[in-house]
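Reviewing the structure listed below.
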Amino acid sequence: MLRIKGASKETAPKEVLDVFTAQEKQYGTILNTAKVYGLRPTIQQGVQALQAGIVASGLIGAELRHLLCMKAASINGCPY
């Protein structure tokens, strides 16, 4: 359960709605982090750029990225 009520599809601006639509297509749902970042579209754009840069660098493989996400979620007491 989110502690912060994130943006919804009904009230999201177009650029946030585009992210929501892409996530639904890829994951079958909108990720909670996208809902929270959707409250501030400029932050959401920055997070997406950071993620794209990390992936494009090729320095961290997909398996390691997955393990890092799981460890970070575990440290924060969040299910992943």
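The values are calculated or read from the model by the stated rules, or taken from the named source; none is laboratory data. This is a predicted model, so every value here is computed, not measured. Because the Cβ atoms are built from the backbone with ideal geometry, glycine has one as well, and the counts that use them run over all protein chains shown. Side chains included, ligands, DNA and RNA excluded: accessible areas come from the protein's heavy atoms. Shrake-Rupley method; radii C 1.70, N 1.55, O 1.52, S 1.80 Å.
Couple of notes before you dig in:
- Count of the stretch 28-58 residues which are open to solvent by less than 80 Å² (accessible area, probe 1.4 Å), of a type in the set (A, V, I, L, M) and part of a helix (DSSP H, G or I): 7
- The set of residues in the stretch 6-23 that are of a type outside the set (A, V, I, L, M, F, W, C), more than 18 Å from residue 49 (Cα to Cα) and open to solvent by less than 70 Å² (accessible area, probe 1.4 Å) comprises 6, 8, 13.
- Considering residues of the stretch 33-80 that are without any contact (Cβ under 8 Å) to a residue 12 or more places away in the chain and of a type in the set (D, E, K, R) only, the residue nearest to residue 6 (Cα to Cα): 40
- Residues of the stretch 1-27 that turn out to be outside any helix (DSSP H, G or I) and either farther than 17 Å from residue 73 by Cα or polar (S, T, N, Q) (or both), as a count: 9
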